[in-house]
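The values are calculated or read from the model by the stated rules, or taken from the named source; none is laboratory data. Everything quoted here is computed from the prediction, not taken from an experiment. All Cβ positions, even for glycine, are placed from backbone atoms using ideal geometry, and neighbour counts span all protein chains on display.
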Amino acid sequence: MNAQVITIDDQRTPQELIENVLVNSSCASASNSTGKGDTFRSGKQSFAYFNRNGSNFPFEEGIVLATSTAETAIGPFVSNLTSNDSDQWLGDSDLDQVLGINSINSTLLEFDFIASANSLSFNYIFASNEYQYDYPCQYSDGFAFLIKEVGSTGPYKNLAIIPNTTTPVSSVDIRPEIKPGTRPGGISYTGCPASNESYFNGLNNNTSPINYAGQTEVMTAQTTVVAGKKYHVKLVIADDDFKYLESAIFLEAGSFLTKINFGEDRTISNNNPVCYGENFVLDTKLSTADYTFKWFIKDVPTNTYVQLSGARTSTYTVITPGAYKVEATLNGTTCASIGDIKVEFAPEIITRNTSLLQCDDDTDGITIFDLTKVANIIKNNNSEIINQGYYETLANARAKTSPILNPESYTNRIPNQTVFARIENIYGCFTTPEIALNVSTSVIPDQSPIETCDYDQTLDGLYQFDLQAEVTPQIMTGLPSGLVINYFLTANDALRETNPLPNIFRNTIPNSQTIYARAVNGSDCYDITPVELVVHTFDPPNFEDETLYLCKGDQLTLSVATGFKSYNWSNGATTNSTLINTAGDYSVIVTNANDCQKTKNFKVILSEPALITAEVKDFSGNDNTVKIQYTGVGDYEFSLDGTIFQDDPTFTQVTPGAYNAIARDKNGCGLSNSLLIYVLDYPRFFTPNGDGYNDLWAIKNIDQMPDYTISIFDRYGKLLKQMTQNSTGWNGIFNGQEMPSDDYWFTLLFVNGKNVKGHFSLKR
């Protein structure tokens, strides 16, 4: 079964096409209709009448203007990239000027008409064989619907544009996504993204009623006009540069209407409702002398229009939401121009006037206000309402001109001045609440200094204050409850509420610094008052920690200087001194006239004389040692002669002799018991030659020791001599014979069991 296709009648004149097909209305008077197109094919035209002929083409009937013969528009679509059009078929200079192209093969219809209302429109479809391969990425034939007032020397206005833009309709600017591919000749292409695809109807195939590769959705060309004026319209299409890839425009029959245009619907869905409380005037811009008017509103339950009683003028003021329509009938004719619009109202912006109460630093009524503090108040805390500035006059607020540039820091021009805010909803509706700028007359009494003491490690007159705990209670005395106190470094900061101080504040000027307290009630300033912060330093002399020693059985007086306000000892004493008899840790806290305190710590250490014994290592030559052993809690030093003392209780390289060992307490608590110590050693040689020196071998001071026996032997172990405490020594003679020079051995045996062995040399 063959697909239904459109039919073409290319034998109608331009006048017939314009006046009987496109316009065909008692409200539009068309004249001077002319046409121009393909004159190179005998009996053929490139403009023609078309009929749907039972196909699915969107328009029942209308006019087609093509860049080839009108008959080539008859479907179905058969791809044809060539053209048989004459190269002598020229373009159109007006189209070239409007679109900036070099056109050929142009087809146009022109006519004059007199507008009966303030708007005209007609419906059309653009179709083209350029919707193949990647051609829409770079090529497009041109067409335009040009209009201007008859007699005007100004340029034409093009109505064939993408809605809400100035972009001409074309296959480049209305296209689907073009994916990569290959076109005839084996030429590869990368494609391009879609452009305004919502206006593209789709690609055609071999069942299409027209012979074009693709087409747009139904588009509407429209513009405003002045009723009663004559306009010239030129509908033109042409190929751009090359005659290939034909295109056409289809105009819907009877769609050329002059209507009353009230603009787009004023609805919430369009984001342009009429503002609450605004009188919205619908103006037909037609003369009541020439037209008769009827106004209607749509009845919602029946969905029919009901005439508004008494509405007979060219304007109507809308005060309630609804769908409105007007019929304006030209007197003496059947021409009735229609206009309609849907009107909704935005919700009311809930606001309220308010005031700001600010403090004044010099009582002249002129001060600095932060207008933004009432931003949420004036818009009733509605986050959807937008603050659009603050203004000195109501006129400026309404016109949205000359806003206050620094509302966070605004200086009023006169006392008790009123300024205005402008707040808007999302639709641009606004209201202008008032803000009264008042100066506080409340007074906070002068404040006594807030004093503290410098208790940190560095006595530099700098210390921290807990402002809310130390300062606020004093300021709030006698003031109304509910005030909030904030603190600032300068009076100007307090006035502007900039750079607030932290609650824990360390003064930056030593010893004395003035800060400023601002008392507020909500956004209102109650008063600003200076507060002096005083930091006392207290560093009495000789208050370093001290260590003292208490001799066992004695008493000790701990004391500090006199003249302080109070003393508090850790043992309960309250004077400048205390008597103690027990070692331990003691402290005293002294307070001066500024109630600053200083603590001195005493560490009292018990000490006592030592009780000593000794351990002697003798008969060892240079290794003779004495180690004093002691008991006691003192800190001791030791001596073997009572004159020279050392910290070490061990004495080394002690020469033989008798010593009186003693220990002395370094803390002054006395001497230990005196201990007599003998350090013995034997001579390593003797010379019994009768010269009076070393003639006898004997151990010095051994007679001070317990009983003993000394046995002397020669190298063969022969006993040569035995001596006791009563012996004076050995003279080197055995049995009346002088013993030769040699080494001899001895054994010393004490009655306590101590045994010493050694040897010595006899030299002659």
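Taken together, Asn51, Asn84 contain a single residue that is of a type in the set (S, T, N, Q), surrounded by fewer than 18 Cβ atoms within 10 Å (Cβ to Cβ) and within 30 Å of Gly185 (Cβ to Cβ), which is Asn84.
Only one of the numbered conditions (1) in a loop (DSSP other than H, G, I, E, B); (2) free of Cβ contacts under 8 Å to residues at least 40 places away in the same chain is not met by Phe538, and that is (2). Taking (1) part of a strand (DSSP E or B); (2) touching a Phe, Trp or Tyr at 6+ places or on another chain (Cβ under 8 Å); (3) outside the structural domain of Asp648 (by TED's automatic domain parsing) in turn, Thr574 satisfies each apart from (1).
Answer yes if at least one residue in the range 550-570 is without any contact (Cβ under 8 Å) to a residue 24 or more places away in the chain, touching a strand residue (DSSP E or B) at 6+ places or on another chain (Cβ under 8 Å) and assigned by TED's automatic domain parsing to the domain that holds Thr490, and no otherwise. There is no residue in the range 550-570 that is without any contact (Cβ under 8 Å) to a residue 24 or more places away in the chain, touching a strand residue (DSSP E or B) at 6+ places or on another chain (Cβ under 8 Å) and assigned by TED's automatic domain parsing to the domain that holds Thr490.
In the range 390-416, the residues that are over 18 Å from Ser355 (Cα atoms) reach residues that are assigned to a loop (DSSP other than H, G, I, E, B) with C-beta atoms within less than 7 angstrom, at least six apart or across chains, in these pairs: Asn396/Ser402; Arg398/Thr432.
In a residue-by-residue description of the range 202-219, the property of being in contact (Cβ under 8 Å) with a residue 12 or more places away in the chain, in contact with a Lys or Arg (Cβ under 9 Å, 6 or more places away or on another chain) and either in the same structural domain as Tyr156 (by TED's automatic domain parsing) or of a type outside the set (A, V, I, L, M, F, W, C) (or both) applies to at least one position. Where residues in the range 92-115 are under 14 Å from Gly37 (Cα atoms) and of a type in the set (Asp, Glu), which of them is surrounded by the most Cβ atoms within 10 Å (Cβ to Cβ)? Only one residue tops the list, namely Asp92.
Go through the range 254-312 residue by residue and tally those that are in a loop (DSSP other than H, G, I, E, B) and either under 58 Å from the mean Cα position of the chain (by Cα) or not charged (D, E, K, R) (or both). Within the range 254-312, residues that are in a loop (DSSP other than H, G, I, E, B) and either under 58 Å from the mean Cα position of the chain (by Cα) or not charged (D, E, K, R) (or both) number 35. Taking the range 488-532 as the range and being closer than 16 Å to Val471 by Cα and basic (Lys, Arg) as the test, the residues that pass are Arg506, Arg518.
Quick grid of which residues meet (1) at pLDDT below 85; (2) in a loop (DSSP other than H, G, I, E, B); (3) under 23 Å from Ala213 (Cα atoms):
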site: Ser26; (1), (2), (3): yes, yes, no
site: Ala30; (1), (2), (3): no, no, no
site: Ser33; (1), (2), (3): no, no, no
site: Asn53; (1), (2), (3): no, yes, yes
site: Phe59; (1), (2), (3): no, yes, yes
site: Thr72; (1), (2), (3): no, no, yes
site: Val78; (1), (2), (3): no, yes, yes
site: Ser83; (1), (2), (3): yes, yes, yes
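The residue that is surrounded by the most Cβ atoms within 10 Å (Cβ to Cβ), among those in the range 393-411 that are assigned to a loop (DSSP other than H, G, I, E, B) and under 33 Å from the mean Cα position of the chain (by Cα), is Ile404.
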